[in-house]
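As structure tokens, the structure follows; a few thoughts come after it.
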Amino acid sequence: MPLFDLPLEELRAYRGESTEPEDFDTFWDGTLQEARAHELGARFERVESGLSTVEVYDVTFAGFGGHPVKGWLRLPAGATEPLPLVVEFLGYGGGRGLPHENLLWASSGRAHFMMDTRGQGSAWGGGGGTADPVGAAPAYPGFLTRGVDAPENYYYRRVFTDAVRAVEAARSHPLADATRTVALGASQGGGISLAVGGLVPDLVAVAPDVPFLCDFPRAATLTDRHPYREIALFLKTHRGRAADVLRTLSYFDGVHFAARGRAPALFSAALEDQTCPPSTVFAAFNAWAHEDKAIEVYDFNDHEGGGPYQEAAQLHWLRSYA
């Protein structure tokens with residue numbers, strides 16, 4: 001696919017089209033306060049993975065509404081002292097997979113916590129195991145319009161709350177150094193890491209790759225590729241609801257979380273990415289509040305972005321922080 005979005009020089013100045021709600025902070029403060037009324041209850045159970053260099057723990061903790069959320073904690077075998085902590089969030093439709101998968105970060109000498117995404121885990125990879133027990137108003141198939149009738153009901157309110165609680169759960173393990181916590185992920189995982197970067201004040205670094213869930217007004221009208229297409233298909237049926245839908249989505253827009261980012265950040269964008277158009281990524285990057293930020297740009301890539309090249313960039317970059 002040839003370049004279809006703004007020229008790179010315009011991307012570097014683009015600020016996005018989403019309007020931040022006046023009660024954005026109040027909404028999220030209240031949401032997290034409600035979640036913390038439930039005991040975190042993080043449990044770590046060692047599993048036999050067949051690995052000799054990495055130890056794996058099956059984790060359960062209380063997320064939004066006190067609902068049980070799963071995860072994996074992977075540690076370098078034989079670790080005895082607290083380690084830098086990488087908390088990773090997953091792409092759209094994927095689950096935490098199997099214990100022996102995703103060994104990069106533990107192999108680098110860090111504690112690695114991977115959160116399962118509620119209600120997902122059935123589109124690719126090794127599957128997931130976290131239900132979403134909350135009902136919602138009628139939605140187009142997928143997750144992007146579930147509960148879009150109101151911010152209080154929206155699916156990603158639950159997911160982003162789970163993600164903040166995932167950081168708290170991972171930090172509670174004795175071999176995780178809470179003072180050296182990194183949030184990262186690609187696509188949906190990148191969007192979740194932006195939310196965590198805006199809601200958790202004391203991270204040491206955030207690394208969103210080709211992040212999803214940014215600049216909803218532009219994304220919904222620029223690309224016809226899923227998942228953003230779910231918004232347009234919902235509105236195709238629910239005529240005249242665009243303003244209400246965009247208001248709900250504004251509480252979950254990565255651009256507004258980025259404006260609250262208080263840690264160094266390494267982004268990535270791909271200029272042929274029709275799933276998460278580069279202008280939506282740059283809107284979040286340009287809004288990121290911490291002055292120590294960088295973005296890797298992959299000129300001729302679609303949504304795969306930098307892939308292993310971006311992993312190499314992250315490994316090098318994180319040496320300065322965790």
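Return yes or no: is Gly127 open to solvent by 10 Å² or more (accessible area, probe 1.4 Å), modelled with pLDDT under 90, over 20 Å from Phe252 (Cα atoms) and part of a loop (DSSP other than H, G, I, E, B)? Answer is yes for this residue.
Within segment 30-55, residues that are open to solvent by 70 Å² or more (accessible area, probe 1.4 Å) reach partners that are part of a helix (DSSP H, G or I) with beta carbons closer than 6 Å, at six or more positions or on different chains, in the pairs His38/Gly66. Considering only residues in segment 180-209 that are in a loop (DSSP other than H, G, I, E, B) and of a type in the set (A, V, I, L, M, F, W, C), the one that is surrounded by the fewest Cβ atoms within 10 Å (Cβ to Cβ) turns out to be Val204.
Tallying residues that are in contact with a strand residue (DSSP E or B) (Cβ under 8 Å, 6 or more places away or on another chain), of a type in the set (S, T, N, Q) and farther than 16 Å from Val59 by Cα within segment 78-119 yields 1.
Looking at segment 61-100, which of the residues that are in contact with a His (Cβ under 7 Å, 6 or more places away or on another chain) and without any contact (Cβ under 8 Å) to a residue 60 or more places away in the chain is nearest to Gly142 (Cα to Cα)? In this case the residue turns out to be Gly66. Residues that are in contact with a helix residue (DSSP H, G or I) (Cβ under 8 Å, 6 or more places away or on another chain), open to solvent by less than 10 Å² (accessible area, probe 1.4 Å), on the phi < 0 side of the Ramachandran plot and not acidic (Asp, Glu) do occur in segment 101-111. Please indicate, with yes or no, whether at least one residue in segment 206-213 is of a type in the set (A, V, I, L, M, F, W, C), within 15 Å of the chain's Cα centre (by Cα) and under 20 Å from Arg146 (Cβ atoms). Within segment 206-213 (the criterion being of a type in the set (A, V, I, L, M, F, W, C), within 15 Å of the chain's Cα centre (by Cα) and under 20 Å from Arg146 (Cβ atoms)), the answer is yes, since at least one residue qualifies.
In summary, helices (runs of 4 or more DSSP H) completely within segment 219-322 and bearing 1 or more residues that are among the acidic types (Asp, Glu) and modelled with pLDDT of 95 or more occur at 229-237, 242-250, 308-318. Is it the case that some residue within segment 62-79 is in a loop (DSSP other than H, G, I, E, B) and open to solvent by 40 Å² or more (accessible area, probe 1.4 Å)? Yes: one or more hits.
The values are calculated or read from the model by the stated rules, or taken from the named source; none is laboratory data. Treat the numbers as computed from the prediction; the structure is a model and nothing was measured. FYI the Cβ positions are ideal-geometry reconstructions off the backbone, even for glycines, and counts take in every protein chain you see. For the accessible areas, the whole protein counts, side chains as well, though only heavy atoms, and no ligand, DNA or RNA atoms are used. Shrake-Rupley method; radii C 1.70, N 1.55, O 1.52, S 1.80 Å.
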